[in-house]
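Asks: Here it is: the structure, laid out below.
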Amino acid sequence: MNWLMQQLERSAGNLESGGVMYKGIYQASNGDYEYQLSYSRQVGGGWEVDGVHLLWNGRLLFPKSSLPGQCVDAQAAITRGIGWCETVIDRLRSEDLTRESGFCAA
């Protein structure tokens, strides 16, 4: 089993709570970047990514309040959040935006 699936299983373990709202947090890093996802099970049954914080070298680049839409389960929500973060990181690296003067104010 690969590392990502182990992280997903650990994060999603024991989530069935009979329709009661559940909140969880997933953290990961990719080189100089770190991100934290918060996700929750809504009373209606869908899962949402409630928030994303992306950091570069310990500095908060930006917080995002939520990603639109719902997922069928916690693993899908976590995977969606990871995909969003990795896409942003790839874009920042390709454009070298974090190294530009003033982008990451001290």
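A short reminder: the numbers here are calculations on the coordinates, not readings from a lab. Predicted model only: the values in this text are computed from it and were never measured. Using ideal geometry, Cβ is built from the backbone for each residue, glycine included, and neighbour counts are taken over all protein chains shown.
Asks: Distance in nm between label sites at D90 and D73, each 7 Å beyond Cα in the beta-carbon direction?
Replies: Roughly 2.5 nm, to one decimal.
Asks: Taking the Cα centre of the range 20-96 as origin, work out the dipole magnitude from +1 charges on Lys and Arg Cβ and -1 charges on Asp and Glu Cβ, in debye rounded to 20.
Replies: Value, rounded to 20: 220 debye.
Asks: Then there's this: Counting pairs of alpha carbon atoms under 8 Å apart in space and at least six apart in sequence, what relative contact order in percent does the range 20-96 give?
Replies: Value for the range 20-96: 24 percent.
Asks: List the residues whose amide H sits under 5 Å from the amide H of Y22, counting only those 5 or more places along or on another chain, with H placed 1.01 Å from N in the peptide plane.
Replies: Residues meeting the criterion, in which the H sits 1.01 Å from N, are R41.
Asks: Next question. Hey, any idea what the orientation-averaged projected area of the convex hull of the range 20-96's Cα atoms comes to, in nm²?
Replies: Its average projected convex-hull area is 4.9 nm².
Asks: Mind giving me the nanometre distance, one decimal, between the label points for L60 and N30, set 7 Å out from Cα along Cα→Cβ?
Replies: If labels sit at L60 and N30, their model points lie 2.1 nm apart.
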